[in-house]
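See structure below.
The values are calculated or read from the model by the stated rules, or taken from the named source; none is laboratory data. None of the values given here were measured: they were computed from a predicted structure. Heads up, the Cβs are rebuilt from the backbone with ideal geometry, glycines too, and the neighbour counts pull from every protein chain shown. Areas reflect the complete protein model, heavy atoms only, side chains present, ligands, DNA and RNA absent. Shrake-Rupley method; radii C 1.70, N 1.55, O 1.52, S 1.80 Å.
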Amino acid sequence: MKHRAYIALSGFLWFFSGGFLLYKGLHLINDATFRADSLCSKWQTVFGSPQQAATIFIGIGLLLGFIKGRFVLSKTVRRVVSRIASFPGPIRFSDAYSRSYWILIASMIALGMSFRFLPIPMDMRGIVDVAIGSALVNGAMLFFRAARAFQIPQNTPQN
């Protein structure tokens, strides 16, 4: 595959993973509004209702995700794009992504799966999922911009 295709593939992977986590997180927060033992119910005295507390929690998750996507995951995007650009085309799949990239992906999946077994309130898990999901979608947009702007380096032979 070509450089641009691998960069776009990374963007699609992050976009769909982030979309799934956003959906899951919003669903968890929505379900928590109907439970008496949730943070949404406990904070209803401050915000007026469990639904308004859920809206605030969603906003917090989106803000945290935006910050993580812009300042943390953007470095990962730059590193992956630089790695892909450093190879002469066409690139083999095994060369496109480093081992540390796959370890990062696997550890994020394992961390997300471990949340099911930890005694974390449903709405707190939802906030974390919304934050990570929005960060991944933000990172995906950075991949898509990099794929669109990608120019083959002049000193690299093209096949």
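General remarks:
- Taken as a whole, the condition of being out of contact with any Ser or Thr (no Cβ under 9 Å at 6 or more places or on another chain), of a type in the set (A, V, I, L, M) and closer than 16 Å to residue 10 by Cα applies to residue 73.
- Residue within the range 87-98 that is under 19 Å from residue 145 (Cα atoms) and in contact with a helix residue (DSSP H, G or I) (Cβ under 8 Å, 6 or more places away or on another chain) present: yes
Residues checked against (1) in contact with a Cys (Cβ under 9 Å, 6 or more places away or on another chain); (2) assigned to a helix (DSSP H, G or I); (3) surrounded by 13 or more Cβ atoms within 10 Å (Cβ to Cβ):
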position: 45; (1), (2), (3): no, yes, no
position: 53; (1), (2), (3): yes, yes, yes
position: 64; (1), (2), (3): no, yes, yes
position: 70; (1), (2), (3): no, yes, yes
position: 74; (1), (2), (3): no, yes, yes
position: 88; (1), (2), (3): no, no, yes
position: 100; (1), (2), (3): no, yes, no
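- Scanning the range 5-43 for residues that are assigned to a loop (DSSP other than H, G, I, E, B) and open to solvent by less than 10 Å² (accessible area, probe 1.4 Å) turns up just one, 38.
- Of all residue pairs spaced 6 or more apart or on separate chains, those with beta-carbon atoms under 6 Å, a first member in the range 7-36 that is farther than 17 Å from residue 124 by Cβ and a second member that is open to solvent by 40 Å² or more (accessible area, probe 1.4 Å) are 11/144.
- Per-region count, the range 102-122, residues without any contact (Cβ under 8 Å) to a residue 24 or more places away in the chain and not in a helix (DSSP H, G or I): 3
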